[in-house]
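Participant: There's a structure below that I have some questions on.
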Amino acid sequence: MNINFLSSLIISLVVITLYYILDSIYCVIFILVFYFIIRFICRLMAFPGSYQLFYKYNFLLNLNEDKIYETRQQLKFFRYLDDHSSQYQFQKAKNFFLVQQKIYQQMEEQLNQQQLNYLNLLSNYIEVLESQQNQQIIKNETIKILQFLNAYMDQSAQIKYIMKPFKQQILFGTLEWCRLEILLLNPNASRHIIKYKNNLIDCIHIVNNQSNCPTVLFCNPNAGYYEYQYINCTWFKIYNKLQINLILWNYCKYGQSTGALTTENIIECGIFVAQYFQNKFQIKTLGIHGLSLGGMFASEIAQKLNLSFLIADRTFSSLGQIAAAMFNSSILRFLLNCIVNWDNPNYLSFYNFKGPKLIIQDAVDEIIPYIAQLQTSLVRQYFTNQTYSLYHSYFNKESKQYMDFFFKQILSENQTVSLSQSLQMFINFNEQQNNNQLSQENQHFYQESKKQLQLIEYSNNDIFKVMDSKPTPEKIALFFGSCFMFDQNSFQTIKSIIKRIQILLKQHYSNQQNLNNQLSNHVEVIIEHIYQIIKSFQQTQQVQELRKRKKQKQKQNIFGHLITINCGHNNNLNMLETKKFQDYFLSNFIV
């Protein structure tokens, strides 16, 4: 049966029922109000940055304060200027204020009263700095600006936070301010307003290397604007350091970009942006990097245009799957499809992309549950080889099909439930140990067993990290599928770990008092079922195909390379993670 027809039929039946229950006019009003409320919630959750109030509360107010703090720090240098002050530091601090002045001058027609007052002070200040007048005059002018900033902050503190976007005159950090700052700090940057159908797409092209080096098209997260991403996100510092050219753009209804806010339209706009810059600047190597929601658009654009490389950074399998996983309800995915048509199976686009590709993922991402992450959706797709249809989307069938495969070919449902329960009990023993409720002998056995079990991992995702204190049958099935997909040496590795735990069990059982020990019984269940899992996976056609490809030294492009990080969803990579990325990028994406 056609799924769109089915959903229309269900909605029609609901409408008819309400019509007979309620008065006809009230029925129509109720349905319209309900529809727009649900649609508003969907848009707010999927595209929060499309609402101006969201960006004002979440970015503008904070950035305004950050810029004031940064300005004060620069003023400190001149406040304590003396004969020993570095000329280099003097010039650096002066350049900071010169950039501010240029930004205000270019924004002249848009300045509010506070900005005009600050610009007057700033212009006088720069004249003093340029003329290299004596230190006391510079200090006096510095004090004037500090007093102005202090008065501004005092005035701001008197306004209630909820009213600040409406009553406070912003000094720094508007979208226009940030955009001009990007252009001024990057002499080879240019802004492009691209028209496509009924859309205007706001883009910036940053050229870090004039030679024919790679260019990265960056797709923002759902709350991101390129103006703020450039300031707060370290990816741009990483690419600048690597001398990689950048294309930044805002989605429809974000910042100065206009157009219909649908996933299909944004994907079409992204394709047009990529083609526009490829043709205009004769770009030979164009890759794409998508962060969070941007990973969905990046996968679609890369696959449709066959771009040079694809980086999917902390992204999900599809919007529908993440809705179902976050609220543990398939009904939400069904409603999402009835209200808005945004449930693109972007995991298929990533899976089918033939070029070099990289997944960056945190298994304990605080926003995207493990079972809805891109990495696990690839496991489902590979081991079930599903032919996607709207039926999967409306009724959340990807998970069911993979679990059916797992229960039939790998480990029975009862055994999987038993394994999840034993893992839960084993994790709970950790709390008992912390509270000194375990005997000394049990504590030793627990610690040694845990050390060994933690060695069961893929790409630095160990079994306890993935379970995250809540082992479920689906997490278990996806974890071991990932072990074989992303680490093809899993069978021998896990087998040797099990042998070492069996030795620990023998030693533990040598004491007759431990024969019916609850802890050791659960460990025994865990290793018995894990051994069954790896043995069953070894016999599957899919794993045998992976081994065959490895023997033939074929390039493995089905899944891409996985880099595991531990910084969460919204934070920046640490130095070690950055180094890991840079090494992989330079050795695999640079021709």
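The values are calculated or read from the model by the stated rules, or taken from the named source; none is laboratory data. Remember, it's a predicted structure, so these values are computed and weren't measured experimentally. Don't worry about glycine lacking a Cβ; one is built from the backbone with ideal geometry, like all the others, and counts go over all protein chains shown.
Participant: Among I29, I38, I68, I25, which is the only one that is within 30 Å of G294 (Cα to Cα), more than 23 Å from the chain's Cα centre (by Cα) and β-branched (V, I, T)?
Facilitator: I38
Participant: Another question, then. Would you mind stating whether N232 is surrounded by fewer than 20 Cβ atoms within 10 Å (Cβ to Cβ), closer than 22 Å to N64 by Cβ and within 17 Å of the chain's Cα centre (by Cα)?
Facilitator: yes
Participant: Then there's this: Taking I238, is it modelled with pLDDT of 95 or more and of a type in the set (A, V, I, L, M, F, W, C)?
Facilitator: So I238 passes the test.
Participant: Do we find a residue being within 17 Å of K144 (Cβ to Cβ) and either more than 33 Å from the chain's Cα centre (by Cα) or surrounded by fewer than 14 Cβ atoms within 10 Å (Cβ to Cβ) (or both) anywhere in the range 85-95?
Facilitator: Yes: one or more hits.
Participant: Got a number for residues in the range 142-181 being farther than 30 Å from Q256 by Cα and in contact with a Lys or Arg (Cβ under 6 Å, 6 or more places away or on another chain)?
Facilitator: So the answer is 1.
Participant: Oh, and also: Taking the range 478-488, which residues are crowded, with 19+ Cβ neighbours inside 10 Å and either among the acidic types (D, E) or closer than 14 Å to A325 by Cβ (or both)?
Facilitator: Within the range 478-488, just L478 meets the criteria.
Participant: Condition first: on the phi > 0 side of the Ramachandran plot and either among the charged types (D, E, K, R) or out of contact with any Lys or Arg (no Cβ under 8 Å at 6 or more places or on another chain) (or both). Can you find one or more residues in the range 279-287 that meet it?
Facilitator: The answer is yes; a qualifying residue exists.
Participant: Another question, then. Restricted to the range 281-322, and to residues that are farther than 24 Å from H561 by Cα and touching a residue at least 60 places away in the same chain (Cβ under 8 Å), which residue is surrounded by the most Cβ atoms within 10 Å (Cβ to Cβ)?
Facilitator: Of everything passing the filter in the range 281-322, G320 is surrounded by the most Cβ atoms within 10 Å (Cβ to Cβ).
Participant: Give me the helices (runs of 4 or more DSSP H) completely within the range 454-563, filtered to those with at least 3 residues that are over 30 Å from I368 (Cα atoms) and modelled with pLDDT of 90 or more, ordered by residue number.
Facilitator: Filter on the range 454-563 gives 490-509, 518-539.
Participant: Still on this model: In the range 341-376, how many are polar (S, T, N, Q), over 15 Å from the mean Cα position of the chain (by Cα) and under 22 Å from L305 (Cα atoms)?
Facilitator: 3
So that you can scan it fast, the table gives a plain yes or no per residue for (1) modelled with pLDDT of 95 or more; (2) touching a helix residue (DSSP H, G or I) at 6+ places or on another chain (Cβ under 8 Å):
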{"residue": "L184", "(1), (2)": "yes, yes"}
{"residue": "N188", "(1), (2)": "no, no"}
{"residue": "I194", "(1), (2)": "yes, yes"}
{"residue": "I201", "(1), (2)": "yes, yes"}
{"residue": "N212", "(1), (2)": "no, no"}
{"residue": "F218", "(1), (2)": "yes, yes"}
{"residue": "Q229", "(1), (2)": "no, yes"}
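Participant: Moving to a separate point now. Looking only at the range 225-270, how many residues end up being of a type in the set (V, I, T) and in contact with a strand residue (DSSP E or B) (Cβ under 7 Å, 6 or more places away or on another chain)?
Facilitator: 3
Participant: Looking at (1) farther than 19 Å from I170 by Cα; (2) of a type in the set (A, V, I, L, M); (3) not in a loop (DSSP other than H, G, I, E, B), which is the only condition L81 fails?
Facilitator: (3)
Participant: Looking only at the range 92-108, decide whether some residue is in a loop (DSSP other than H, G, I, E, B) and either over 30 Å from Q321 (Cβ atoms) or not assigned by TED's automatic domain parsing to the domain that holds Y230 (or both).
Facilitator: Yes, the range 92-108 contains a residue that is in a loop (DSSP other than H, G, I, E, B) and either over 30 Å from Q321 (Cβ atoms) or not assigned by TED's automatic domain parsing to the domain that holds Y230 (or both).
Participant: Please tell me if L129 is in contact with a helix residue (DSSP H, G or I) (Cβ under 6 Å, 6 or more places away or on another chain), modelled with pLDDT under 95 and either more than 30 Å from L53 (Cβ to Cβ) or outside the structural domain of Y226 (by TED's automatic domain parsing) (or both).
Facilitator: yes
Participant: Here's something else I'd like to know. Within the group Q552, Q582, Q538, which residue is of a type outside the set (G, A, S), touching a helix residue (DSSP H, G or I) at 6+ places or on another chain (Cβ under 9 Å), surrounded by fewer than 16 Cβ atoms within 10 Å (Cβ to Cβ) and more than 27 Å from L453 (Cβ to Cβ)?
Facilitator: Q582
Participant: If you check I463 against the conditions, is it of a type in the set (V, I, T), within 28 Å of A324 (Cβ to Cβ) and out of contact with any Ser or Thr (no Cβ under 9 Å at 6 or more places or on another chain)?
Facilitator: Yes.
Participant: Out of the residues in the range 23-57 that are of a type in the set (S, T, Y) and either closer than 18 Å to L336 by Cα or at pLDDT below 85 (or both), state the one that is surrounded by the fewest Cβ atoms within 10 Å (Cβ to Cβ).
Facilitator: S24
Participant: Answer with yes or no whether Y152 is surrounded by 13 or more Cβ atoms within 10 Å (Cβ to Cβ), aromatic (F, W, Y), closer than 30 Å to D83 by Cα and out of contact with any strand residue (DSSP E or B) (no Cβ under 8 Å at 6 or more places or on another chain).
Facilitator: Details: surrounded by 13 or more Cβ atoms within 10 Å (Cβ to Cβ): yes; aromatic (F, W, Y): yes; closer than 30 Å to D83 by Cα: no; out of contact with any strand residue (DSSP E or B) (no Cβ under 8 Å at 6 or more places or on another chain): yes.
Considered against the rule, which asks whether it is surrounded by 13 or more Cβ atoms within 10 Å (Cβ to Cβ), aromatic (F, W, Y), closer than 30 Å to D83 by Cα and out of contact with any strand residue (DSSP E or B) (no Cβ under 8 Å at 6 or more places or on another chain), Y152 comes out as no.
Participant: Something else now. Given the conditions (1) free of Cβ contacts under 8 Å to residues at least 60 places away in the same chain; (2) outside the structural domain of N62 (by TED's automatic domain parsing); (3) not β-branched (V, I, T), and given that N112 satisfies all but one, which numbered condition is not satisfied?
Facilitator: Tallying (1) free of Cβ contacts under 8 Å to residues at least 60 places away in the same chain; (2) outside the structural domain of N62 (by TED's automatic domain parsing); (3) not β-branched (V, I, T), N112 fails exactly one: (2).
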